[in-house]
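For reference, the structure is listed below as structure tokens.
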Amino acid sequence: MAYSHTVCGTRYVFPSLKVLLAKASPPRAGDRLAGIAAASAEENVAAKLTLADVSLKAILAEPLILYEDDDVTRLILDRHDTRAFAAIASMTVGEFRDYLLSHATSSETLATLAPAITPEIAAAVSKLMRNQDLILAARKCRVVTRFRNTLGLPGTMAVRLQPNHPTDDLSGITAAIADGLMYGCGDACIGINPASDQPARVEAMLRMLDDLIRRYEIPTQSCVLCHVTTALDLMARGVPTDLVFQSIGGTEATNRSFGITLDLLREANEAARSLRRGTVGENVMYFETGQGSALSAGAHHGVDQQTCEARAYAVARAFDPLLVNTVVGFIGPEYLYDGKEILRAALEDHFCGKLMGLPMGVDVCYTNHAEADQDDMDVVLTALAAAGVTYIMGVPGADDVMLGYQSTSFHDALYVREAFGLKRAPEFEGWLERMAITDAAGQLLLPSPSHRLIAEVQAAANENEHAP
Amino acid sequence: MSDVPRDPWKHLRARTPARIALGRTGASLPTREVLSFALAHAQARDAVHARLDRSALAVQMRALGLDTVVAESEARDRATYLRRPDLGRQLDDRSRERIKAAVQNETCDLVLMIGDGLSATAVASHAPALVEAVLLHVNALGLKLGPTVIAESARVALGDEVGELLGARLVAVLIGERPGLTAADSLSVYLTYLPRRGRTDAERNCISNIRPGGLAPEVAAANLAWLVKAALAMQVTGVALKDRSGGGLEGTIGATVLDEPGR
């Protein structure tokens with residue numbers, strides 16, 4: 001269906017909802033690269049004006065990618081909660097923005113509404129929102145998940161401890177884990193990106209993490225971020241697996257390029273749940289996403305990159321994940337050019353994920369060929385903390401020596417806690433105090449050189465060195 | 001500058017290149033660490049934005065006995081290059097004419113294209129040594145080498161058109177990798193059989209991390225020679241050509257990479 005709007009005598013016509021959404025998107029490199037961005041600043045605002053008058057019902061009635069052609073579209077429509085939708089069905093996108101920001105709309109209402117929000121609705125309304133709107137609306141969304149601790153409680157922010165090593169050296173990884181734990185990080189999970197997906201290597205890492213978590217009784221969960229098929233094989237062989245990781249995208253073809261199907265994710269979710277390794281809950285999936293992945297795979301169907309990203313969240317929520325994060329600046333400047341575009345995308349992704357009911361974290365990050373630096377990341381991190389981000393990454397010194405990009409550091413987490421008064425997951429906070437890493441208020445203590453964790457990590461490393 | 005002590009587990013720094021045991025002042029990094037990070041990032045940024053001195057490189061290549069042609073892609077400046085990978089994969093018209101004029105024979109076995117990619121620093125620092133090492137193998141294998149193309153604002157796939165114009169059975173693209181904080185001067189080689197516009201990354205083999213502290217030029221050249229021989233025998237490159245040369249762990253060699261500069 002065609003949409004149009006007249007601005008100061010110029011009539012702008014948008015032949016479909018897909019085109020309208022793309023033209024209404026705040027400017028970004030990936031949409032320009034795909035040739036679907038607004039041609040002028042005025043056309044961009046004309047598209048927003050047009051979109052503000054489109055009804056939510058109309059969005060539901062016009063799938064961007066055909067039902068017959070795409071299993072993500074089928075997932076979105078088949079699982080849509082029409083009863084919950086009734087409360088907002090008569091609204092336009094513009095009215096929906098006002099509704100989200102109204103004091104009359106509570107956290108409880110938004111939680112009930114989540115299954116009625118399709119990715120296209122979330123993406124559409126986000127395009128009419130300023131950065132501060134994305135912050136306030138996301139702040140109201142509460143999403144709590146559990147495995148060995150409780151994530152997403154109000155007033156908390158968690159950290160994934162990311163101890164990567166360029167050659168998967170276990171003593172190097174352990175050293176980075178000890179560093180992170182001593183800085184009070186690791187409640188979201190201890191998650192290693194392996195340099196190689198070889199099952200034997202992944203298994204060695206999983207066993208090491210399992211030993212560590214059991215020996216110190218750390219109320220957290222482990223993850224080695226291998227392909228879901230590798231994880232399935234390892235689980236079948238009895239290798240201790242807490243969370244199953246997978247990168248996902250917002251179209252069937254994107255997921256195919258990742259070597260996955262929805263059935264495969266379902267199988268992995270069931271397999272990991274059946275292990276019953278969680279102590280306080282059974283959210284076992286960990287998903288990563290990022291704007292630009294669909295275009296990069298040639299699988300975007302002309303849909304703008306932010307809407308494609310929101311569609312990935314529909315995939316995620318079908319599997320009740322413990323953790324979901326957008327890796328916002330990793331993909332490079334051809335998709336998000338500079339700090340301004342990365343900030344915008346981070347706030348959009350976090351908002352859309354939360355509105356749809358996901359435990360949304362953000363990998364606040366950039367590459368060296370993007371127009372961005374540590375100052376930009378400070379702004380992104382601060383804005384996300386204000387928005388109530390569920391978790392961020394903790395990489396030693398913000399420098400991931402395996403993946404070759406810059407993320408947030410253990411120190412960055414301390415900064416956020418101090419600036420915003422945010423706590424860790426309560427079970428983990430208690431453990432840090434018992435381990436004499438923090439005091440009762442959650443402040444880091446001055447570490448003793450003979451701290452048990454450090455002494456034992458060093459001893460284990462020495463032992464490995466002398467092993468035959 | 002700053003006497004904030006490192007953390008008492010600083011001895012663990014021997015286990016990993018990661019930035020651990022940095023110490024802290026309050027919640028924040030010590031001055032020493034803020035500036036050390038800033039320096040590494042500045043070097044990486046400079047490498048991304050450095051321009052390749054093509055004439056200096058051409059002089060070095062001619063000293064090795066090679067014929068050279070200089071070329072550039074349709075990406076006119078660095079900002080365009082970074083935003084528009086598609087333009088970095090297309091030769092501009094003048095370059096296309098220059099390359100056509102340089103055709104010596106109808107066909108050749110191998111063409112070397114040296115492109116700046118995301119680190120002209122890597123190319124300037126390591127390409128001459130790598131080419132010198134590769135030439136030993138080219139001569140030993142008796143391969144017919146086409147002219148060497150030195151290209152600015154180049155993505156990996158620019159080599160497809162270059163190789164096609166020169167009638168090459170194989171094109172080896174030597175190109176600067178995306179700079180990291182630890183190394184801003186890492187070089188890669190991508191090998192493509194029967195280069196044609198529109199080839200995909202799955203149809204290439206890659207040798208990466210060629211730099212001091214990574215893969216030595218001699219080792220990379222030996223790996224490349226193995227791949228060249230195998231590719232000519234099997235008439236294929238990419239996922240169908242598994243590397244069995246035993247490439248070192250310190251470098252990576254394989255059919256695909258996560259983040260090559262030409263995607």
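The values are calculated or read from the model by the stated rules, or taken from the named source; none is laboratory data. Predicted model only: the values in this text are computed from it and were never measured. Reconstructed Cβ throughout: ideal geometry from the backbone, glycine too, with neighbour counts over all protein chains shown.
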Which numbered condition A:I173 misses (of (1) more than 14 Å from chain B (Cβ to nearest Cβ); (2) more than 25 Å from A:I76 (Cα to Cα); (3) among the hydrophobic types (A, V, I, L, M, F, W, C)): (1)
Tell me, which strands (runs of 3 or more DSSP E) wholly within the range A:306-398 include 2 or more residues that are within 14 Å of chain B (Cβ to nearest Cβ)? A:391-394
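Given the options A:T92, A:T82, A:T109, A:T105, name the one that is of a type in the set (S, T, N, Q), in contact with an Asp or Glu (Cβ under 7 Å, 6 or more places away or on another chain) and either without any contact (Cβ under 8 Å) to a residue 60 or more places away in the chain or closer than 19 Å to A:T50 by Cβ (or both).
Working: A:T82 fails: in contact with an Asp or Glu (Cβ under 7 Å, 6 or more places away or on another chain); A:T109 fails: in contact with an Asp or Glu (Cβ under 7 Å, 6 or more places away or on another chain); A:T105 fails: in contact with an Asp or Glu (Cβ under 7 Å, 6 or more places away or on another chain).
Exactly one residue qualifies, and that residue is A:T92.
Have a look at B:L64, B:L12, B:L29, B:L22 and point out the one that is away from chain A (no Cβ under 14 Å) and either surrounded by 14 or more Cβ atoms within 10 Å (Cβ to Cβ) or not hydroxyl-bearing (S, T, Y) (or both).
On the way: B:L12 fails: away from chain A (no Cβ under 14 Å); B:L29 fails: away from chain A (no Cβ under 14 Å); B:L22 fails: away from chain A (no Cβ under 14 Å).
From the options B:L64, B:L12, B:L29, B:L22, the qualifying one is B:L64.
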Before we move on, is B:S95 farther than 30 Å from A:L453 by Cβ, away from chain A (no Cβ under 14 Å), free of Cβ contacts under 8 Å to residues at least 40 places away in the same chain and small (G, A, S)? no
Only one of B:G117, B:G198 is surrounded by 21 or more Cβ atoms within 10 Å (Cβ to Cβ), within 14 Å of chain A (Cβ to nearest Cβ) and touching a residue at least 12 places away in the same chain (Cβ under 8 Å); which? B:G117
Which one is surrounded by the most Cβ atoms within 10 Å (Cβ to Cβ) among residues in the range A:69-87 that are assigned to a helix (DSSP H, G or I) and not aliphatic (A, V, I, L, M)? A:T73
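So if I check each of A:T220, A:T261, which one is surrounded by fewer than 20 Cβ atoms within 10 Å (Cβ to Cβ) and touching an Asp or Glu at 6+ places or on another chain (Cβ under 9 Å)? Break it down stepwise before answering.
Numbers: A:T220 fails: surrounded by fewer than 20 Cβ atoms within 10 Å (Cβ to Cβ).
It is A:T261.
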Hey, among A:L51, A:L66, which residue is within 30 Å of A:D320 (Cβ to Cβ) and either crowded, with 20+ Cβ neighbours inside 10 Å or not assigned by TED's automatic domain parsing to the domain that holds A:G298 (or both)? A:L66
Which residue pairs have Cβ atoms closer than 7 Å, lie 6 or more positions apart in sequence or on different chains, and pair a first residue in the range A:350-368 that is closer than 15 Å to A:T156 by Cβ with a second residue that is assigned to a helix (DSSP H, G or I)? A:K354/A:A138; A:M360/A:H350; A:M360/A:G353; A:M360/A:K354
How many residues are small (G, A, S), within 17 Å of B:S188 (Cα to Cα) and at pLDDT below 90 when one looks only at the range B:209-244? 3
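Suppose we filter A:L128, A:L153, A:L136, A:L161 for residues that are within 26 Å of A:E217 (Cα to Cα), of a type in the set (A, V, I, L, M, F, W, C) and surrounded by fewer than 19 Cβ atoms within 10 Å (Cβ to Cβ); which single one remains?
Details: A:L128 fails: within 26 Å of A:E217 (Cα to Cα); A:L136 fails: within 26 Å of A:E217 (Cα to Cα); A:L161 fails: surrounded by fewer than 19 Cβ atoms within 10 Å (Cβ to Cβ).
Exactly one residue qualifies, and that residue is A:L153.
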So if I check each of A:G442, A:G394, A:G421, which one is in contact with a Gly (Cβ under 9 Å, 6 or more places away or on another chain), not β-branched (V, I, T) and not assigned by TED's automatic domain parsing to the domain that holds A:C189? A:G442
Looking at the range A:1-42, which of its residues are within 15 Å of A:V93 (Cβ to Cβ) and assigned to a strand (DSSP E or B)? A:Y3, A:H5, A:F14
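Let me confirm something: among B:A44, B:A40, which residue is of a type in the set (G, A, S), under 22 Å from A:G172 (Cα atoms), touching a residue at least 40 places away in the same chain (Cβ under 8 Å) and facing another protein chain (nearest Cβ under 10 Å)? Quick ask: steps written out before the conclusion?
Details: B:A44 fails: under 22 Å from A:G172 (Cα atoms).
From the options B:A44, B:A40, the qualifying one is B:A40.
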Let me confirm something: among A:P194, A:P163, which residue is within 14 Å of another protein chain (Cβ to nearest Cβ) and within 30 Å of A:Q305 (Cβ to Cβ)? A:P194
Please name all residue pairs, on different chains or six or more residues apart, with Cβ atoms under 7 Å, provided the first residue is in the range A:185-213 and is among the β-branched types (V, I, T) and the second residue is assigned to a helix (DSSP H, G or I). A:I190/A:I177; A:I190/A:L209; A:I192/A:I173; A:I192/A:M205; A:V202/A:T230; A:V202/A:L234
Taking the residues in the range A:416-438 that are over 16 Å from A:D179 (Cα atoms) and among the small types (G, A, S) as candidates, determine which candidate is surrounded by the most Cβ atoms within 10 Å (Cβ to Cβ). A:A425
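Just to check your reading of the model, which residue among A:V395, A:V362 is closer than 30 Å to A:R79 by Cβ and at pLDDT 95 or above? Spell out how you get there, then give the answer.
Details: A:V395 fails: closer than 30 Å to A:R79 by Cβ.
Residue meeting the stated conditions: A:V362.
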Could you identify the single residue in A:A398, A:A441, A:A413 that is surrounded by fewer than 18 Cβ atoms within 10 Å (Cβ to Cβ) and under 27 Å from B:R6 (Cβ atoms)? A:A441
Has the range B:49-58 got any residue that is over 26 Å from B:V228 (Cα atoms), free of Cβ contacts under 8 Å to residues at least 40 places away in the same chain and within 14 Å of chain A (Cβ to nearest Cβ)? yes
Could you list all residues from the range A:167-211 that are among the aliphatic types (A, V, I, L, M) and touching an Asp or Glu at 6+ places or on another chain (Cβ under 6 Å)? A:A195
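Please go through the range A:159-188 and give me each residue that is in a strand (DSSP E or B) and touching a helix residue (DSSP H, G or I) at 6+ places or on another chain (Cβ under 7 Å), ordered by number.
Within the range A:159-188, A:V159, A:L161 meet the criteria.
Sort out which residues of the range B:42-53 are in a helix (DSSP H, G or I) and either crowded, with 21+ Cβ neighbours inside 10 Å or among the polar types (S, T, N, Q) (or both), and write them in order of number.
At the first step, the residues of the range B:42-53 found to be in a helix (DSSP H, G or I) are B:42-49.
The answer is B:Q43, B:A44, B:A47, B:V48.
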Might you check whether a residue that is within 23 Å of the chain's Cα centre (by Cα) and part of a loop (DSSP other than H, G, I, E, B) occurs anywhere in the range A:88-110? no
